[in-house]
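K.L.:
Attaching a single structure in structure tokens format; questions to follow.
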Amino acid sequence: MTIHSIVTLPDRRLRVNTKKITTFDEPLQVLIADMFDSMYAAHGVGLAATQIGLDLRIAVIDVEGDKKNQYVLINPEVTMIGEVVNMHEGCLSVPHVSAEVKRATRVKLKALDRHGKPYELEASDLLAECIQHEVDHLNGKLYIDLLSPLKRDRLLKKMDKVQRSENM
Ligand code: NI
């Protein structure tokens, strides 16, 4: 088991566009297990490969955190089908802060599972929010990109301030 450290802003590896996964071998299964372990260790509900410095199109999700409903999203495509509302969001790669962003309340997800088998799923509320957040990561996007420049600036300054005070 490997717990990966989480890449945080301003690391450019969070901004890459990821490559599709085409091989569903043993190293991929190890990576998936390590991604879940890294996510639980960091107390997150989702983790994308870019957050451990990999440019691969894979993310893991467990919104309850009890390991009963673990989702593996490989080469995912998401369609927003619900109404767009304000949702509260944070990210392990943008530590210490959170903000309200606009997200669809329902989504349709098409992805491959850990063995390369296609699946589809409709999700709502927190799971829908998390799916949108993680798929954004795989496109090099962060939730702070959805904020106005003024709000984003304020949030990043706050993040810097807390990080500096922690390092003292
Ligand atoms: Ni995130």
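The values are calculated or read from the model by the stated rules, or taken from the named source; none is laboratory data. Keep in mind that what you see is a predicted model, and the values were worked out from it rather than measured. Positions of Cβ are generated from backbone atoms using ideal geometry, with glycine treated the same way; all protein chains shown enter the neighbour counts. Accessible surface areas use protein heavy atoms only, side chains included; no ligands, DNA or RNA. Shrake-Rupley method; radii C 1.70, N 1.55, O 1.52, S 1.80 Å.
K.L.:
Find the Rg to Rh ratio for the range 55-168, where Rh is the Kirkwood radius over alpha-carbon pairs and Rg uses the same atoms.
P.N.:
Here the Rg-to-Rh quotient is 1.01.
K.L.:
Under 8 Å for C-alpha pairs, at least 6 residues apart: give me the relative contact order for the range 1-142, rounded to a whole percent.
P.N.:
It rounds to 27 percent for the range 1-142.
K.L.:
Something else now. Work out which GluC sites (Glu not before Pro) in the chain are exposed loop sites (DSSP not H, G, I, E or B, at most 13 other Cβ within 10 Å) and give the longest gap free of them.
P.N.:
84-168
K.L.:
I'd like to check one number: the per residue accessible area of the range 1-91, probe 1.4 Å, reported in Å² as a whole number.
P.N.:
In whole numbers, the range 1-91 has 53 Å² accessible per residue.
K.L.:
So, one more: Within the set of other residues whose C-beta is less than 10 Å from the C-beta of Glu100, count the net charge using Lys and Arg as +1 and Asp and Glu as -1.
P.N.:
For residues surrounding Glu100, the net value is +2.
K.L.:
Among the aspartates and glutamates, select those whose C-alpha is under 19 Å from the C-alpha of Lys161, and discard any that sit fewer than 8 residues away in the same chain.
P.N.:
Output for Lys161: Asp11, Asp153.
K.L.:
Moving on. Using a Cα-Cα cut-off of under 15 Å, which aspartates and glutamates could be cross-linked to Lys19, ignoring same-chain neighbours fewer than 8 residues away?
P.N.:
Hits, sequence-local ones excluded: Asp55, Glu77, Glu134, Asp136.
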